[in-house]
Structure formats: structure tokens, C-alpha cells
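Asks: Sharing a structure here in C-alpha cells format.
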Amino acid sequence: MTVQMIQERLNTYSSANIQEEEQALREITQDVILAGLARTEFFKHAEFHGGTCLRIFHGIERFSEDLDFVLKAPNRGFSLEDYLPIALRELTAYGFKFEIVDRSKADKMVKKAFIKDDSIGKLLEFDFIKVNRSMKKIKIKIEVDTNPPLGANSLTRYLTFPFPASVAVHDVPSLFAGKLHALLCREYTKGRDWYDFVWYISQKTEVNYPLLRSQINQTGPWQGDNLEISQEWCFEELLKKVKALDWKTAKREVMPFVRNHERPSLEVWGIDFFSSLIESYLKTRTGLKRV
């Protein structure tokens, strides 16, 4: 019955090609790992955030890769080994046989591990993947920030697949702050950041500015400058990014993470489109200056 649950979940994706089928299996694996962690003490200490959090709990359409967490309080001694083996052990009932590769370094604030599996695919029926020829090992990266910036707001959200479980997550304004930090401070072009930005703008999401201020002063080009992060400053800097970005690179990076029917929408991406989005968003923020 447990493997059948995974098969039924896979069938709901209605994948159109091998890439979508591989991404569907990856996302199902993320869901299962997250539920496994929720059965440990992990979420007493950590909160879920990032793009995969946005997918699972808020329904954003793009595919995602990693599971990103941040501790509720600084703890350089935190170890994923205290939770992952316990979380993954009972998931063998669902057909998974996970291998954990810990990439954490004692002197690094962000703890990393890779979870790999090449068993579940042999138990499922696919429309496009050929198990003995094109089946790839699933690999999920987990990251935990052990030096959290101040100001995040958290909520409890619930999973029902593959079993009921509760997860501590950042609220949406805090997630938006994290995305703006990435957009302003990331040193390379990541189209997925801009895809997520469109989603936040379309939802007219408020920004958790205290968190964004803490993030910007903690890491990135303005680290240690103790800037007062206002809406005006934030979106002026964002417009600079929009005007300087290589949009062909951005579109190429995000392409594998969106379904075929969404790809034509990427053609509008560019300076005019994102400048217009920012202007429209700012019009909705009553009492705040427009850029």
C-alpha cells in the first residue's frame, strides 16, 4: 500500500515528458523526506523556507531542487546527523533506501547533506523513464543555516502526504524577504529567483523588512554596513538589477524548472516587463513612495 501511494502521487502530475517525470519523482521524494523530518525533533529547532517551501505550502508551479532550513536560534554545534538517519529509516516502507552524504564542515555556518536514492524508481511504473536505461539516481540537497538572521515570523503548517505531520515554516512576507535578499545579493544569475519574484508580486505580498535588513547586513555586498532597509531603497536597487541583468541567461536557467505550457510566458521577460511589475506593485503599497 505504501509504494502504491507513491505511484498514485506520481500519476497526479500527468507529466508530459521524461524531464517532467524526473522532476515529479524528485518532488515526491522531497515531500517524503520533509514528512520524515517532521516525525523527529527537527522542527523544534529549525524552520522551513525557500523555493521548495513555496511549492509545497503555497502552490507555486515551478519545480524545485533543495530543502532549505534555518535554525530558530544560532547553534554552531547543530548536526543533521542527529535527525536525518532517524527521519529516513521508517521511509523504507515507502520503497526508498536512502544514502546520506554529509558535506558539512565544522567551520561553516550552513550545514549541508545530500540524500540519494536509486530504489524507488525500480518499483514504479513510468510513462517516459526507462528504468534500466534512463533512470537517474535521485539526489536531494539539504541545507540548514545555523546562524539565522533576526526578524523572521514563523507558522505551523501541515502535511497530509505521505502521512499527517506538522512543519514550522516562515510566513510569506518572510519568504519574500529571503527572495529579495537573494535577488539583491546573489553573485550570479538565477532565473528561478525572478520566477518566484513574479509570484510574490502577483500575490501582492508584503515584505518583512526587519528580516530583509538583518539578512542584507549579515551577508552580501552590504554586509556590516548597518543599512536601514526601506521599501524605496530596496526597489531602487532591484530596478538597477533588472536593468543590468542578462535576461537570456535568466530565461535559460529557469527553463528546466517550468512545465512546457508555461515556457512561452518567459518570452516577455526583460527590463520592460519587470520594471512594469515593480511599478504596479508599488502602486498597491498605500502610503509608500514609488520608485
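Asks: What angle do you read, to the nearest 10 degrees and between 0 and 90, between the alpha-carbon axis of helix 231-244 and the longest principal axis of the chain?
Replies: That helix lies at roughly 70 degrees to the long axis.
Asks: About its Cα centre, how strong a charge dipole does region 46-139 have in debye, to the nearest 20, once Lys and Arg get +1 and Asp and Glu get -1 at the Cβ? Let's see the in-between values first.
Replies: On the way: 18 positive and 15 negative charges, 68 e Å.
For this selection, approximately 320 debye.
Asks: In a GNM of the chain with a 10 Å cut-off on Cα contacts, which of Leu37, Leu277, Leu184 has the highest mean-square fluctuation?
Replies: Of Leu37, Leu277, Leu184, the most mobile in the Gaussian network model is Leu277.
Asks: Taking all protein chains in place and a 1.4 Å probe, what share, in percent, of the accessible surface of the chain do carbon and sulfur account for? Kindly include the intermediate steps, with their values, before the conclusion.
Replies: Numbers: 6790 of 14340 Å².
About 47 percent, which is the carbon plus sulfur part of the accessible surface.
Asks: When the chain is modelled as a GNM with alpha-carbon springs shorter than 10 Å, which of Asp68, Asp102, Asp272 fluctuates the most?
Replies: So, out of Asp68, Asp102, Asp272, the one fluctuating most is Asp272.
Asks: Ignoring ligands, DNA and RNA, how do Asp82, Asp196, Asp127 rank by accessible area with a 1.4 Å probe, largest first? Display every interim value, and only then the final one.
Replies: Numbers: Asp82 90, Asp196 0, Asp127 120 Å².
Ranked from most to least accessible, the order is Asp127, Asp82, Asp196.
Asks: Enter the angle in degrees (range 0 to 90, nearest 10) between the Cα long axis of helix 191-202 and the first principal axis of the Cα atoms of the chain, meaning the one along which they spread out most.
Replies: Roughly 70 degrees between the two axes.
Asks: For Val198 and Glu41, compute 0.36 nm times the residue count separating them, minus their Cα-Cα distance, and round to one decimal in nm. Provide the component values of the computation, followed by the final result.
Replies: Values: separation 157, 0.36 × 157 = 56.52 nm, distance 3.46 nm.
Once the chain is fully extended between Val198 and Glu41, it gains 53.1 nm.
Asks: Something else about it: According to a simple spin-label model (label point 7 Å from Cα along Cα-to-Cβ), what is the distance in nm between Leu123 and Ile271?
Replies: 5.4
Asks: Sorted by mean Cβ packing within 10 Å, highest first, what order do the peptides 247-256, 138-147 take? Don't skip to the end; give the middle numbers.
Replies: Values: 247-256: 16.2, 138-147: 19.3.
Peptide ranking by packing, descending: 138-147, 247-256.
Asks: Further question: Suppose each label sits 7 Å from its Cα in the direction of the beta carbon; what would the His261-Lys240 distance come out to in nanometres?
Replies: 4.1
Asks: Would you calculate a helix-derived [θ] at 222 nm for the chain, using -39,500 (n - 2.57) for each DSSP H run of n ≥ 4 and dividing by the full residue count, to the nearest 500?
Replies: Numbers: 10 runs with 116 residues, N = 291.
Counting only the DSSP helices, I get -12500 deg cm²/dmol.
Asks: Something else now. Classify the chain as rounded, prolate or oblate from the Cα gyration tensor: take a ≥ b ≥ c as the square roots of its eigenvalues, call it rounded if a/c is under 1.5, otherwise prolate when a/b beats b/c and oblate if not. Please report the intermediate quantities before stating the final value.
Replies: Numbers: a/c = 2.04, a/b = 1.36, b/c = 1.50.
Oblate, because a/c is 1.5 or more while a/b does not exceed b/c.
Asks: Then there's this: Could you pull the accessible area for Trp222 with a 1.4 Å probe, rounded to 10 Å²?
Replies: 50
Asks: To continue, here is another question. Relative to the Cα centre, what is the charge dipole magnitude of the chain, using +1 at the beta carbon of each Lys and Arg, -1 at the beta carbon of each Asp and Glu, and rounding to the nearest 20 debye? Spell out each step's value before the answer.
Replies: Working: 42 positive and 40 negative charges, 57 e Å.
With Lys and Arg at +1 and Asp and Glu at -1, about 280 debye.
Asks: Here is a further query. Could you tell me which residue out of Ile138, Gly77, Tyr281 lies farthest along the dipole of the chain toward its positive end? Charges go on the beta carbon: Lys and Arg +1, Asp and Glu -1, centred on the Cα centre.
Replies: Result: Ile138.
Asks: Oh, and also: Can you give me the C-alpha center-to-center distance between region 63-89 and region 193-214, rounded to a whole angstrom?
Replies: 24
Asks: Cross-link list Lys72/Lys204; Lys105/Lys130; Lys97/Lys241; Lys204/Lys240; Lys111/Lys136: which exceed 32 angstrom alpha carbon to alpha carbon? Could the numbers behind the result be given before it?
Replies: On the way: Lys72/Lys204 27 Å; Lys105/Lys130 37 Å; Lys97/Lys241 43 Å; Lys204/Lys240 21 Å; Lys111/Lys136 25 Å.
Beyond 32 Å between Cα atoms: Lys105/Lys130; Lys97/Lys241.
Asks: Return the single residue from Ser79, Ser202, Ser166 with maximal mean-square fluctuation; model: Gaussian network over the chain, springs between Cα atoms under 10 Å.
Replies: Per the Cα network of the chain with a 10 Å cutoff, Ser202 tops the list.
Asks: With axes computed from alpha carbons, what is the tilt in degrees of helix 2-11 against the longest principal axis of the chain, rounded to the nearest 10 within 0 to 90?
Replies: 50
The values are calculated or read from the model by the stated rules, or taken from the named source; none is laboratory data. Worth saying up front: this structure is predicted, and the values here are computed from it rather than measured. Glycine gets a Cβ as well: all are built from the backbone with ideal geometry, and neighbour counts include every protein chain shown. With ligands, DNA and RNA removed, areas are computed over all heavy atoms of the protein, side chains included. Shrake-Rupley method; radii C 1.70, N 1.55, O 1.52, S 1.80 Å.
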